[in-house]
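Undergrad: Got a structure here, written out as structure tokens. Questions coming.
The values are calculated or read from the model by the stated rules, or taken from the named source; none is laboratory data. These numbers come from a predicted model, not from an experiment. For neighbour counting, all protein chains shown are included, and Cβ atoms are generated from backbone atoms with ideal geometry for every residue, glycine included. The accessibility values were calculated without ligands, DNA or RNA, using every heavy atom of the protein model including side chains. Shrake-Rupley method; radii C 1.70, N 1.55, O 1.52, S 1.80 Å.
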Amino acid sequence: MTSHPTERIVLAGGTIHDPAHGRDGVVDDIWIDGGTIVPRPAEPSSFRRIDATGLVAMPGGVDLHSHVAGPKVGFGRRIAPHLARRADAPAAVPTIHATGAAYAALGYTTVFDAAIATAAAPIAHLELADLPILDKGIYLLAADDQAVLDALDHDDRGEAQRLVGAAVTAGRGWSVKVANPGGSAFWRNGRGDHHDLDTPLPGRRLTPRQLLVRMADVVTALALPHPLHVHTSHLGIPGNWRTLLETMQSLDGRRAHLAHVQFHSYTGGNLDEGSFGSGVEPLVEYFNAHDSLTLDVGQILFGGTVAMTGDSAAAEHLAHATGVPWVSHDLHLSGGCGVLPITYKEQSLVHAWQWAIGLEWFLTVADPWRIALSTDHPNGAHFTAYPHLMALLGDAAFRREALARIHPAVRRRSPLARLDREYTLQELCIITRAAPARIAGLPGKGHLGAGADADLTLYRPSRDLARMFAMPAMVFKAGRLVAEEGHLRCTPPGVVLAAG
Ligand SMILES: [Zn+2]
């Protein structure tokens, strides 16, 4: 079967999940004309009919926090040969073409790379031009630029807006990410320590807390589609739940998106009695009560992968703690990344806690519209593991079986055993499509109303959710059939999503 961009088609009789329009399992037809969903036409005879009877129809998946392009990903492909070529799983960091093909085969049609140094934007876009099928955007690490830091330090909001706006325009960015506020300045000044929110940046009066708040205001003033994307201080450090709580409090009603909160929700360390564990409860209580904030989880799943972070201090710490090779790069003295291989193990106390903490976030956030499913690919797990994660959320029995295999101390102490919530199909649709599209600021995506991009996925329903979501029956991108039963049917180029 082939389809063409200008073709008119109707997907007839599918079971529709379109949370933005309150349609939860409604049997109806979806009319597509020229890559866009249209109302039922007065003259339907020119629409080619595709039978969707018995299939579940959802908008195409939207991944608002992933790592697929740029220098860090290039290093990631090379740092661990045993993870690049393996018989039982895709390469931990696939080639750009394989990345697009695997996302599309999974039913995903939009992806954002969440950490591109402004100096790396041109090379990231060269690479993204080769990412087939998906629409794609980048968040720029604009707060690592010296001139931006100067302006923020002087609290010259007008100059900061001018500089960040110019960086977003020149780099064709979608929004702005702060990766460990001030982290690259500390790192380059030989201070690869884990500075807190109130330690001034080397040679400045500006603190990381002020940097976050002022950048959130800059992004709001620029009216970028997606609010400031925040990876706060102390990633991966015991006791860092306090830092995330303070981060949320400091933002004080400002819109912001909190990235990979799983990596920021740990008890332990000097300030907490007792050992490493979950700090989710007070964090989720605050989050649930403050709807200016959204988040993605950065779930870890067990197995081997490659970690890559704009937070070089965190990468160095982790590599030294686990005795693996690592690489760090810095671009024109403005931002960079640390990259290292990692294997998450069920019987590791720390890894088991990380797994349980991520799931605890998913299962205790009250409003699914404020949470996006992610593994921070490839940091927590490969994006091809999303169906497994969806089964952990939607099938409590499946989750209990997995819980029974992890480190016994975590099994005993984690609240996970008491959480029997199961995500419905509609809620899984929200956290993988409708919510990330809304949070990212994509009015034409994440829903199936008239005027939406005709990006959609047809699944064969199954009680085995991992199987159901791993292999859609059909995937359409801008009205074209791009994948069918795991096979690519065509590879249109996709569109670069750039603000303004
Ligand atoms: Zn990330």
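Undergrad: Just order 279-285, 289-295 by mean Cβ neighbour count inside 10 Å, highest at the front, would you? Before the final figure, lay out the partial values.
TA: On the way: 279-285: 19.4, 289-295: 17.7.
Peptide ranking by packing, descending: 279-285, 289-295.
Undergrad: If DNA, RNA and ligands are ignored and the probe is 1.4 Å, what is the ranking of 123, 439 by accessible area, most exposed first?
TA: 123, 439
Undergrad: Which of the trypsin sites (Lys or Arg not before Pro) found in region 157-235 are in a DSSP loop and have at most 15 neighbouring Cβ atoms, other than their own, within 10 Å?
TA: 205
Undergrad: Using a 1.4 angstrom probe, figure out how much accessible area region 61-440 has per residue, in square angstrom, rounded to the nearest whole.
TA: 34 Å²
Undergrad: What trypsin sites (Lys or Arg not before Pro) does region 384-429 have in DSSP loop regions with at most 16 other beta carbons within 10 Å?
TA: Here the sparse-neighbourhood loop sites are 405, 421.
Undergrad: Report, by chain and number, residues whose modeled amide H sits under 5 Å from the one on residue 258, excluding near sequence neighbours (fewer than 5 apart, same chain).
TA: Long-range HN contacts for residue 258: 230, 294, 295, 296.
Undergrad: Go through 361-370, 101-110, 81-90 and give me the packing order, highest mean Cβ count within 10 Å leading.
TA: Order by mean packing, descending: 101-110, 361-370, 81-90.
Undergrad: Residues with amide H under 5 Å of residue 16's amide H, sequence separation 5 or more or different chain, H placed in the peptide plane at 1.01 Å from N; which?
TA: HN-HN under 5 Å from residue 16: 25, 26, 27, 28, 57.
Undergrad: Please report the accessible area of residue 414 (heavy atoms, 1.4 Å probe, ligands and nucleic acids excluded) in Å², nearest 10.
TA: Accessible surface of residue 414 is approximately 0 Å².
Undergrad: Ranked by accessible surface with a 1.4 Å probe, highest first, in what order do 490, 337 come?
TA: 490, 337
Undergrad: Another question about this same structure. Quantify, in whole percent, the carbon and sulfur part of the accessible surface of the chain (1.4 Å probe; protein heavy atoms only).
TA: On the way: 9610 of 18120 Å².
Ligands and nucleic acids excluded, carbon and sulfur reach 53 percent.
Undergrad: Rounded to the nearest 5, what % of DSSP beta bridges with both residues in the chain are antiparallel?
TA: Looking only at bridges with both residues in the chain, the antiparallel portion is about 55 percent.
Undergrad: Using helices alone, I'd like the mean residue ellipticity at 222 nm for the chain: each DSSP H run of four-plus residues gives -39500 (n - 2.57), total over residue count, nearest 500.
TA: Helix-only estimate at 222 nm: -9000 deg cm²/dmol.
Undergrad: Could you sort 484, 316, 360 by their accessible area in this structure, using a 1.4 Å probe and putting the largest first?
TA: Working: 484 35, 316 55, 360 10 Å².
Accessible-area ranking of 484, 316, 360, largest first: 316, 484, 360.
Undergrad: Would you grab the residues whose amide H sits under 5 Å from the one on residue 279? Only those 5+ places off in sequence or on another chain, please, with H modelled 1.01 Å from N.
TA: 266, 267
Undergrad: Considering the Cα positions of the chain, please state its Rg to one decimal place and its Dmax as a whole number of Å.
TA: Here Rg and the maximum Cα pair distance are 21.8, 71 Å.
Undergrad: Just read off the accessible area of residue 401 with the full protein assembly in place, 1.4 Å probe, to the nearest 10 Å².
TA: 110 Å²
Undergrad: Sequence gap at least 6, Cα distance under 8 Å: using those rules, report the relative contact order of region 307-370 to the nearest whole percent.
TA: About 28 percent, as a whole number.
Undergrad: Measure up 72/345; 136/477; 177/477; 177/345; 72/477; 445/477 against 22 Å on the Cα-Cα distance and list the ones that go over.
TA: Among 72/345; 136/477; 177/477; 177/345; 72/477; 445/477, the Cα-Cα distance tops 22 Å for 72/345; 177/477; 177/345; 72/477.
Undergrad: Give me the number: length gained by fully extending residue 288 to residue 421, i.e. 0.36 nm times residue separation minus the C-alpha to C-alpha distance, one decimal in nm.
TA: 46.2 nm
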